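Trainee: What follows is a single structure, and I will ask about it in a moment.
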Amino acid sequence: MKNRKGVTLVELLIVVMILGALAAIALPRITKSAGNAREQACKTNLSLINSAIEMYYVDEGGYPATLNLVTGNLDYFPDGPPTCPLGGSYSLSTTGNYRAVCDH
C-alpha cells in the first residue's frame, strides 16, 4: 500500500455533517439567549425609569405629567432617554400609581 497523505472526500463529508449537527443544536439556544437578554434589558430600563419618576416626585413634589419630563431631563438620564431593545416604546401609566410601561 501507498503512504497516504491528506483526507478523503468521505472523511471531509463526515466532518461537515458533524459541524452542521452541532450548529443545528447551538443556534436555537443562542437566539433564545439573545431574546432573553433583550427582554431583561427592557425590564432594567423600566426599573431605571420608574426610579427616576420617584426621584422626580421627591424633587418636584408631584408626579410628572408626561414621561418626557423625566426621560428628557439630563439630571436623570445624562446619556439621553433609554430605548426599548425589543422595539417597543415606553409610556407613563397613571392608573393606580405612576409608573413607566413598555408596549412591546
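Every read-out reported here was derived from the displayed coordinates using simple, explicitly stated rules and does not represent laboratory data. Nothing here was measured: the structure is a model prediction, and the numbers come from that model. All Cβ positions, glycine included, derive from the backbone under ideal geometry; neighbour counts span all protein chains shown.
Trainee: Can you give the relative contact order of the chain as a percent, counting alpha carbon pairs under 8 Å and 6+ residues apart?
Mentor: Numbers: 76 pairs, mean separation 21.8, N = 104.
Once divided by the residue count of the chain, the mean separation gives 21 percent.
Trainee: Positive end of the charge dipole of region 10-102 (Lys, Arg +1 and Asp, Glu -1 on Cβ, about the Cα centre): tell me which of CYS102, LEU67, LEU48 has its Cα farthest that way.
Mentor: Among CYS102, LEU67, LEU48, the one farthest towards the positive end of the dipole of region 10-102 is CYS102.
Trainee: Would you work out the charge dipole size for region 10-102 about its Cα centre, treating the Cβ of every Lys and Arg as +1 and the Cβ of every Asp and Glu as -1, and quote it to the nearest 20 debye?
Mentor: Taking the Cα centre of region 10-102 as origin, the dipole is about 420 debye.
Trainee: When you have a sec, figure out the Kirkwood radius of the chain from all distinct Cα pair distances and drop it here in Å to one decimal? Mind showing how you got there, number by number?
Mentor: On the way: mean 1/r = 0.0569 Å⁻¹.
That comes to 17.6 Å for the chain.
Trainee: Lys and Arg at +1, Asp and Glu at -1: add these up for the other residues within a Cβ distance under 15 Å of TYR56 and post the number. All intermediate terms of the calculation are to be shown ahead of the outcome.
Mentor: Numbers: positive: ARG99; negative: GLU54, ASP59, GLU60, ASP75.
Net charge in that neighbourhood comes out at -3.
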